[in-house]
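A.B. asks: Please see the structure below; I have some questions.
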Amino acid sequence: MVSRRDLLIGAGVIAVAGVGTYVATRKAGPPSAQPVSAPSVHTTGTAGRLTLGVWDHWVPGANDTLSAICNEWGQKNHVNVHIDFITSVGDKDMLTASAEAQARTGHDIVQHRSWQISVHRAVLEPMDDVIDALVKDHGPISTISEYLAKYDGKWKAVPSVVGSQIKPCCSRIDLYKQYCDVDIVKIFPADENKRDKALVDGWNWDLYLSTAEQLFKAGYPVGLPMGQTSDAIDWVGALFRSYGSVFIDEKDNIKVDSAETRAALEYAKRLMAVNAPGVYAWDDSGNNKWLISGKGSSIMNPPSAWAVAKRDNPKVAEQCWTHDMPRGPKGRFAPHLPWYYGVWSFGSNKSAAKELVHHMVDKPQAKRLVAASSGYDLPSFRSYYDFDTWKTVEPPLGTVYNYPPRGDEELSITGYPARPEVATQIYNQSIQTVMIAKVAQGGEKIDDVIKWAQNECEGYLRST
């Protein structure tokens, strides 16, 4: 755990030089089928110093690439850029941001996790000018990224490339072929234009359950966490949404008591019977370790487990294939956790900070960052999904091609579509995984569990 005296370590010094107004311009030209160049975004009289507090990436070399990008920009614009890489261990990144928000001093730019924009929105500078420039050049941003960062019609942060992720399936090619007669690569080839719609449509929760039963019998169960940490909350939220279950809607109506919620719970109870042992006690490393050990047949995660397997168990890595989530009655959803760059409203170098944020998220820099993370980092712009990294990393070749959502897969986050300040409680209290545990592990009746969840939701609304 982190002591309170550690909260401001790495806080840095606020930039001292003022700058002009952030301006986004676009060169005029005739319509073209070719990609349009990025807008020329600049500050008038840029100078001085900028400080960043960003997540300490787990992929070796990823921090170096971000540093190089920022230093290149700084040299070009005569700005001294200083970066503090802050660990997420013990939530030190969030604690640092909270301390800075309360003290009204700290870094000019701070990277925030998904739900933290709601927490700090009152002291974050509006970023509509940056967003407008990016959207004009690269098309729309994912709906979940907008849902988490837009308040009262204003963007309070910009989705970062670094740290942003989704959690689709990562399955063993050999085990699915041997024990289930299912060819994962054929269903989800490393070229979305070669997908067979009938095969993709057939990858649904019913097939997932039947294959999970076969794999369990063969001694290689799927590894789906069911605790109260992010990996569990994320895949379970996608499951519930694919069944059409809504806990609280955008107008504060509690809708958890529904046929859709019952169907999701009934399914989850059957799936948990053929899950890996001990999943109720797993933390976010549990599913990774399960796959890397060679005992697991499938997990739902970013490419982190595969990346570690390349080093620690290459034979497993050679059989890993990242692919779409199963489809439910109401669609196919992938858990999405976008991270953000926020500029403090109390900062003194906000215009230069906005320019640097734009630069870090713009497509040329995003391409470098994705490559540095071996495809782990996922931008919020679908137009970025053509990067070569997802096509070329191996083994096996194309293993993470389907990591960016393609086809009919939609992005989701647990708690949606409730107001973010309400949804964050649904998420952080792990209400859905607790419900499954009550039914599957505790033997409680589904109606009683839904009644409990309804009372919990009423409490969430009273507290906002």
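Only the coordinates and a few stated rules stand behind these numbers; no lab work does. Quantities reported herein were computed from a predicted structural model and do not represent experimental measurements. Positions of Cβ are backbone-derived with ideal geometry, glycine not excepted, and every protein chain shown enters the neighbour counts.
A.B. asks: Simple spin-label model, 7 Å along Cα-to-Cβ: N80 to T143 in nm?
C.D. replies: Label at N80, label at T143, 4.7 nm between them.
A.B. asks: Based solely on C-alpha atoms, express the radius of gyration and the Dmax of the range 331-453 in angstrom.
C.D. replies: Final numbers for Rg and Dmax: 19.8, 57 Å.
A.B. asks: What does the charge add up to near T51, with Lys and Arg as +1, Asp and Glu as -1, over the other residues with Cβ less than 14 Å from its Cβ?
C.D. replies: Combined, the nearby Lys, Arg, Asp and Glu give -1.
A.B. asks: Amide H of W55: which non-local residues (sequence gap of 5 or more, or other chain) have their own amide H closer than 5 Å, using H built in the peptide plane?
C.D. replies: Counting only residues 5 or more places away or on other chains, the set is I86, Q111.
A.B. asks: Specify the angular offset, from 0 to 90 degrees and rounded to the nearest 10, of the alpha carbon long axis of helix 62-77 from the longest principal axis of the alpha carbons in the chain.
C.D. replies: For helix 62-77, the angle is close to 20 degrees.
A.B. asks: Then there is this: Express in nm, to one decimal, how much length is gained between T464 and R311 on full extension, taking 0.36 nm for each residue of separation and deducting their alpha carbon distance.
C.D. replies: 50.5 nm
A.B. asks: Still on this structure, please answer the following. For a quick check: sort D252, D231 by the number of other beta carbons within 10 angstrom, fewest at the front.
C.D. replies: Ranked by crowding around the Cβ, least crowded first: D252, D231.
A.B. asks: Please list 109-120, 189-200 highest first by mean number of surrounding beta-carbon atoms within 10 Å per residue.
C.D. replies: Taking the mean over residues of other Cβ atoms within 10 Å, the ranking is 109-120, 189-200.
A.B. asks: Take every Cα pair under 8 Å in the range 246-395 that's 6+ residues apart, average their separations, divide by the length, and report that relative contact order as a whole percent.
C.D. replies: Reported relative contact order: 13 percent.
A.B. asks: Quick one: what do you get for the chain if you divide its Cα Rg by 2.2 N^0.38 Å?
C.D. replies: This ratio for the chain stands at 0.99.
A.B. asks: Collect residues whose amide H, placed 1.01 Å from N in the peptide plane, falls under 5 Å from the amide H of R327; neighbours closer than 5 in sequence don't count.
C.D. replies: For R327, the qualifying residues are N204, W205.
A.B. asks: Taking a 25 Å limit on the Cα-Cα distance, which of the listed pairs K167/K269; K330/K367; K167/K197 fall beyond it?
C.D. replies: K330/K367
A.B. asks: Shifting gears a bit: Count the DSSP beta bridges whose two residues both fall in the chain, then state the antiparallel fraction as a percent rounded to the nearest 5.
C.D. replies: 60
A.B. asks: Additional query: Of K156/K251; K289/K310; K255/K451; K177/K315; K310/K363, which pairs sit farther than 18 Å apart, going by alpha carbon to alpha carbon?
C.D. replies: The pairs that break the limit, which is 18 Å between Cα atoms, are K156/K251; K310/K363.
A.B. asks: Quick check: the distance between the Cα centres of the range 315-348 and the range 130-203, to the nearest angstrom?
C.D. replies: Going from one Cα centre to the other spans 7 Å.
A.B. asks: Taking the Cα centre of the range 194-330 as origin, work out the dipole magnitude from +1 charges on Lys and Arg Cβ and -1 charges on Asp and Glu Cβ, in debye rounded to 20.
C.D. replies: Dipole of the range 194-330, to the nearest 20 debye: 440 debye.
A.B. asks: Work out, step by step, the length gained on full extension between K186 and N455: first 0.36 nm times the residue separation, then minus their alpha carbon distance; give nm to one decimal.
C.D. replies: Extra length available between K186 and N455 comes to 92.3 nm.
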